[in-house]
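Presented below is the structure to which this report refers.
The values are calculated or read from the model by the stated rules, or taken from the named source; none is laboratory data. Note that the structure is a prediction, hence the values are computed from the model and not measured. A quick note on method: Cβ atoms are made from the backbone with ideal geometry, for glycine too, and the neighbour counts reach across all protein chains shown.
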Amino acid sequence: MTALACILPALCAFNPPVDTSGPITATLRAGPIGRTGEITLLLENTAGEEAAGVVTFRAAPPWKILPRREFQTAAPARGRVEVACRIEAAGAVFPELYALYAKVQLRIGGRSVSVAPILVFTADVPWPEPAAPPPRARLAAEVPEAGGSLAGLGIADVSLETFRDGAVRRMPQGWTGTDDATGAVFGDGTAVTRAGRASTALSFHVPWRGGPGRMAIEFPLVLPRVPLRARFGIGIREHAPSEPPSDGVTFKVAVLAPEPEELFSRHTRQWEDASVDLSAYAGRAIVLRLTGDPGPARDTTCDLAYFEDLRLEPAGAAGSAAAYAGEETFAVRSAEDWTVTVRKGRRGIWDSRVEMRGAGGAAFGFTGFEGRALLPDGRAIAAAWFVRDATWRRDGEKLIAAHALAPGGLVECVIAPIDDGFTVSFRGRDCELLDVGPGPFDAEAERVYAGTGNVIVRPEAFRLHADGHQLAARFAGFDFPGVSVVQATDTLPERLEVAPARRIYRLAAGEDPVFTFTASTRGAFDAALRYRDAVASVQPAAPAVAALKGRFVFDIWGGRYRQGASFLKRAAAYGLTHSMVVWHDWQRWGYDYRLPEIFPPNPAHGSLDEFQELAETCRLHGILFAPHDNYIDIYPDFDRFTYDLVCRNETGRPVRAWYNRGRDAQSYRFRPDGFMPFLKDNLALIREDVAPTAYFIDVFASIGPFSFHDAAGGRHRRRETVARWAEAFDWIREHLRGAPQVSESGHDALIGSLEGATCNHLRVDPERRADMTWHIACADAERIPWLGLVWRDKFVLHGAGYGNRFAGGLPLGAHGLQSDDYLSVEALDGHPGMADSPFGRGVVRKYWLWHDFADLIGLCPVEKAEFVEGDIHVQRVTYRNGAVVCVNRSPHDRTIDGAVLPPYGFLATAETHEAAVARRGATAVEWSFAPNAWYVNPRNQTDRGRKAVRPALREAAAQGDETLALAIAWEGTGRLDARNLIAFVHFLPEGADDIVFQGDHAAPPELGGAAEVVSRGAAKVPREALPPRGDITFRVAAGLCARSTGRRIPIEGLDLGEDRVLLGTITLRFADTLEVVAVSPAKAEPRGPAAGAEVDFGRLRSTGAFRLVREARAWALAPLPDSDAFTAVFPFAAFPDMRGLVSARAFALTGEKIDGAAAEALPDALRVAVPAGAFRCELAP
């Protein structure tokens, strides 16, 4: 153990560096590895005879093996032998992860044995010194008369002083990042959140490595003649409870003109607002110096600090009206007779005034644009502050502004009218544009619309970054007084910024962006449809998008291949065939590990033959099969890994990507221009052996497109990243003979090459309590079908999100994939449904309820969307084919189009189809009707099938220092064989679904045969789960599962999802011993209609849940799986062809006949009795 402990610091987790085959075990060991290190391979042989052969070592570049790579060796019978070598770097090495491979080929008697351990280590070396930046001419910014933000200005001169020796390090102008010598950090334009308000800051940490020091940040400025004031906030980073506290930072502001004059000084660790008057320096060239100092104690602990929202603005009433160089007006083709007026600024588009006004008086406008220009020397400057010359010219219906920048480079801007709006196009020459977006609007917006779909009422300042979970759409909407505006870019922007106090509502985009503005007096939904018709309609869809139209998705994250095939055969028997399977966890080394090596399939889940059987099962039933793949992450233990394949940041350091927590393994960001050879290698094998009919690549439609640097320092733009990903999808589709391409979440940057995605439609969380939500403080918010308004005929989004992401910290039972909340959003979005299991009662029910209507409206454009009576929680969507979907997401019943919709209820109607979750009397039920197919579900106790058992928490008492004794009552008479069942009991935090500890025990054998029985068990409470002082409350959840298979049994109660229910809460305390402070059983939910209660669905009546299909030779009635006996009545007025039916035969899924089916002709209807456990009931004359 001592020897092993000595080598551990060199190793990283990943898979252990051990491999075993038969009697041979090989273990790689290493001491600390800098630019060189010692390696030992230990071979252990448990066989009764010698094992002899060859050991070959290999390492990824730049490492070489010394004295040689190959060694002859022999391990004695029941003995061990060591093989030693040395590893040495033959080039530049990072303090990052590397892998060493050993391949051992031995013979024992007449047979061969091979083992291949892999050791992952971190090189113990400093970062290489970065290359000196090219010479830079020092720039001074000409401040506009209206002022502006200094964050992101791009010309800060940073100097670092160490107190110990007074040494000063002067960084190149525009420097940002971390200084390895002193540990100092500087960020120019850092996004921060202060008291719930999003803003931008200069972030810094004073020098500390090698001794404390101070940082000076200087801005060379030429002030206008208009007197200005500098306003800013000061504060430090919030600290975690486990961190030592900061004693604060001293913030100073001074002006050098040329002599220094200190204007502000304060030592604090709280957020404060401040300002300094610069009126005395109007019209002069100055240097504005900001200083950060650790304070009198010179304690730099946790001193990351901010000059927040630092901006120059006119002092008091001293500002003068803006002066313009004339104006131009354009007529806009629109039913509302809009005109666009541009008042031409002296700095070109940057300080211009743009206004759009309708004949009825509605209008909106904004002042100029903001943006940065990335210069060839690496500095990113605020373009408006460095305009040397600006010229305007009109060319027919185009207004063109050309801006020559003082450091060099040209920015051209073209404004042109379109239907219902106008476009503003940018192009940079000898510079790259970044973060371009409109300036302040004339008014505050009442509502903001963005992403896959949320409307946010009166938000506080926030930012949404571009990705499939947040800003998934390239267009956003704003309700201004009297007019709604949609702002869009020609590709996915970098972010959406909202700052109501400054009237900022801007998409920020770079790389020659094209902005579109459309307007409507009929709301943001209408403005979005006008944007669709004017601009987005010309975007082609990916070639195979029709193959995904209306398809239900089985989104499967675990399980054995053969078991999955078996479940999918059962699903197909129930008709769930117009669907697609996305099988995530199958890769050779486990889910998302050692990528990009993924084939053959992971044997832990079954053999290659069984994986082929899974794919073939799908193919035989017309179900698309899409295995999961990934080319965003590359792992250092991949046998062809090299850092040349990894994205670099601007300083040349490798970019880390996903951290695989289960393996404790770190991946790196795969270069978008480097993964295709590996993708093609994988697809050659996969097409040959599996032949998928669809393909899923993770992350590409989830992560925001990014720029990156290569190993030589070359910069690659975001648009190249999008192009490379699109190229991958196009190649795979062609290689797999037209297979549609699918990804995660589904931002809109890849439309045209990507057919669809598994949607993640997140909720807004104003309290900021949960992960996977939008943390935006606001007056109100609701999900809306935003992205689909524009793209639903060109891009297929499935479902509404992975269950836990959709719920966003709320209970999964009420907000997971099977919940009415989730179903209502699928209906609102018009998305095909999604399930996370290959079969089950809930899966079948979801398909039968929504699939036919989802297929009807699949790829059909929206004609109109609206808030019913102005309520954002009640919405109606009308499609071009006449279909209408109404959804109630308010907390109260609402009557819409004649139907009473409960909370999360919906009504979808068309000429030939209908689907609903609505009330019949006092009861919420569900149904769907389509030509020759009818589904009804009374949601009564019969509908619950096996859910006739309900647990209740009867007792919880402390036993000793760490044990809880539990008593759970099980009520009901469900058809259960309890001999093979486990009662599982989970103790959960109040705000999360993570299991802290468990109290599983055997289910009582009498369960299911008595009205109530009690099970008793014990839970061991881990001491670390309890606070050192005070009380802690846990939620108690329980359920039943099969001892042999782990399959959970549906039960009744307050559903938490995953077939477990809430029993209540328990409050614990640990003083000298464990104490139970309080036990609060959950209040039982209403059971709904009694078993056997008949529900009138209008066209028919039923006591059970089933689907009726008119077939060529018979009527087929299929109950939901695991249904009890029930009856259904079919009035001849609605089903005239049922007259004369007198035969009813019931069959099990195996084809075996089941007794108890009957058809009885009533005077005006046919009454059918269906026995328990039936799979199919045939009705015939």
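Quick rundown of the values:
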{"quantity": "All positions within segment 222-258 that are among the hydroxyl-bearing types (Ser, Thr, Tyr) and modelled with pLDDT under 90", "calculated": "242"}
{"quantity": "Only one of 144, 130 that is surrounded by 12 or more Cβ atoms within 10 Å (Cβ to Cβ) and more than 29 Å from residue 636 (Cβ to Cβ)", "calculated": "144"}
{"quantity": "Single match in 268, 250 (criterion: among the hydroxyl-bearing types (Ser, Thr, Tyr) and under 22 Å from residue 171 (Cα atoms))", "calculated": "250"}
{"quantity": "All positions within segment 757-784 that are closer than 17 Å to residue 799 by Cβ and modelled with pLDDT of 95 or more", "calculated": "757, 758, 759, 760, 761, 762, 763, 783, 784"}
{"quantity": "Residue satisfying condition, being under 14 Å from residue 223 (Cα atoms), among the hydrophobic types (A, V, I, L, M, F, W, C) and more than 36 Å from the chain's Cα centre (by Cα), within set 274, 297, 315, 254", "calculated": "315"}
{"quantity": "Spans of strands (runs of 3 or more DSSP E) in segment 327-432 with at least 1 residues closer than 25 Å to residue 707 by Cβ and assigned by TED's automatic domain parsing to the domain that holds residue 485", "calculated": "348-357, 369-374, 380-382, 387-395, 398-405, 410-418, 421-429"}
{"quantity": "Search result, residues across segment 38-72 that are under 9 Å from residue 85 (Cα atoms) and part of a strand (DSSP E or B)", "calculated": "38, 39, 40, 41, 57, 65, 66"}
{"quantity": "Residue that is among the hydrophobic types (A, V, I, L, M, F, W, C) and either more than 45 Å from the chain's Cα centre (by Cα) or assigned to a strand (DSSP E or B) (or both), where the choices are 93, 81", "calculated": "81"}
{"quantity": "Matching residues in segment 114-127 - criterion: being farther than 25 Å from residue 92 by Cα and either crowded, with 18+ Cβ neighbours inside 10 Å or outside the structural domain of residue 96 (by TED's automatic domain parsing) (or both)", "calculated": "115, 117"}
{"quantity": "Residue among 120, 113 that alone is under 20 Å from residue 31 (Cα atoms) and either touching a Phe, Trp or Tyr at 6+ places or on another chain (Cβ under 8 Å) or of a type in the set (A, V, I, L, M) (or both)", "calculated": "120"}
{"quantity": "Of all residues making up segment 1005-1035, the number that are more than 39 Å from the chain's Cα centre (by Cα), in a loop (DSSP other than H, G, I, E, B) and either not assigned by TED's automatic domain parsing to the domain that holds residue 1069 or not acidic (Asp, Glu) (or both)", "calculated": "6"}
{"quantity": "Criterion (buried (at least 22 other Cβ atoms within 10 Å of the Cβ) and at positive phi) met by exactly one of 799, 752", "calculated": "799"}
{"quantity": "Of the criteria (1) in contact with an Asp or Glu (Cβ under 9 Å, 6 or more places away or on another chain); (2) at pLDDT below 95; (3) hydrophobic (A, V, I, L, M, F, W, C), which one residue 1117 fails", "calculated": "(2)"}
{"quantity": "Flag if residue 926 is buried (at least 23 other Cβ atoms within 10 Å of the Cβ) and not aliphatic (A, V, I, L, M)", "calculated": "yes"}
{"quantity": "Unique residue being buried (at least 18 other Cβ atoms within 10 Å of the Cβ) and out of contact with any strand residue (DSSP E or B) (no Cβ under 6 Å at 6 or more places or on another chain) when the list is 348, 358", "calculated": "358"}
{"quantity": "Within segment 647-738, strands (runs of 3 or more DSSP E) holding 3 or more residues that are closer than 30 Å to residue 94 by Cα", "calculated": "656-660, 665-669"}
{"quantity": "Segment 1114-1139: number of residues that are in a strand (DSSP E or B) and small (Gly, Ala, Ser)", "calculated": "3"}
{"quantity": "Any hit, segment 394-417, residues being in contact with a Lys or Arg (Cβ under 6 Å, 6 or more places away or on another chain) and acidic (Asp, Glu)", "calculated": "yes"}
{"quantity": "Test result for residue 103, basic (Lys, Arg), touching a residue at least 24 places away in the same chain (Cβ under 8 Å) and touching a Lys or Arg at 6+ places or on another chain (Cβ under 9 Å)", "calculated": "yes"}
{"quantity": "Members of segment 96-121 found to be in contact with an Asp or Glu (Cβ under 7 Å, 6 or more places away or on another chain) and either of a type in the set (Asp, Glu) or more than 15 Å from residue 638 (Cα to Cα) (or both), listed by number", "calculated": "108, 109, 115"}
{"quantity": "Qualifying positions in segment 1006-1040 - modelled with pLDDT under 85 and under 16 Å from residue 968 (Cα atoms)", "calculated": "1006, 1007, 1008, 1010, 1011, 1012"}
{"quantity": "Odd one out for residue 755, checked against (1) among the charged types (D, E, K, R); (2) closer than 23 Å to residue 719 by Cα; (3) touching a Gly at 6+ places or on another chain (Cβ under 9 Å)", "calculated": "(3)"}
{"quantity": "Residue list for segment 322-372, restricted to those being under 30 Å from residue 410 (Cβ atoms) and polar (S, T, N, Q)", "calculated": "329, 339, 341, 352, 367"}
{"quantity": "Checklist (1) crowded, with 21+ Cβ neighbours inside 10 Å; (2) without any contact (Cβ under 8 Å) to a residue 40 or more places away in the chain; (3) touching a helix residue (DSSP H, G or I) at 6+ places or on another chain (Cβ under 8 Å) applied to residue 645, failing item", "calculated": "(3)"}
{"quantity": "Residue match in segment 438-448 (condition: touching a Leu at 6+ places or on another chain (Cβ under 7 Å) and among the charged types (D, E, K, R))", "calculated": "no"}
{"quantity": "Residue within segment 563-580 that is out of contact with any Phe, Trp or Tyr (no Cβ under 6 Å at 6 or more places or on another chain), of a type outside the set (A, V, I, L, M), closer than 22 Å to residue 739 by Cβ and in a loop (DSSP other than H, G, I, E, B) present", "calculated": "yes"}
{"quantity": "Hey, residue 942 part of a loop (DSSP other than H, G, I, E, B), modelled with pLDDT of 95 or more and over 32 Å from the mean Cα position of the chain (by Cα) or not", "calculated": "no"}
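Here is a yes/no grid of residues against (1) among the aromatic types (Phe, Trp, Tyr); (2) touching a residue at least 40 places away in the same chain (Cβ under 8 Å):
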position	(1), (2)
186	yes, no
220	no, yes
233	no, yes
240	no, no
244	no, yes
251	yes, yes
255	no, no
261	no, no
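Okay, residues lined up against (1) outside the structural domain of residue 300 (by TED's automatic domain parsing); (2) surrounded by fewer than 22 Cβ atoms within 10 Å (Cβ to Cβ); (3) of a type outside the set (D, E, K, R):
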position: 175; (1), (2), (3): no, yes, yes
position: 178; (1), (2), (3): no, yes, yes
position: 187; (1), (2), (3): no, yes, yes
position: 197; (1), (2), (3): no, yes, no
position: 202; (1), (2), (3): no, no, yes
position: 208; (1), (2), (3): no, yes, yes
position: 220; (1), (2), (3): no, yes, yes
position: 227; (1), (2), (3): no, yes, yes
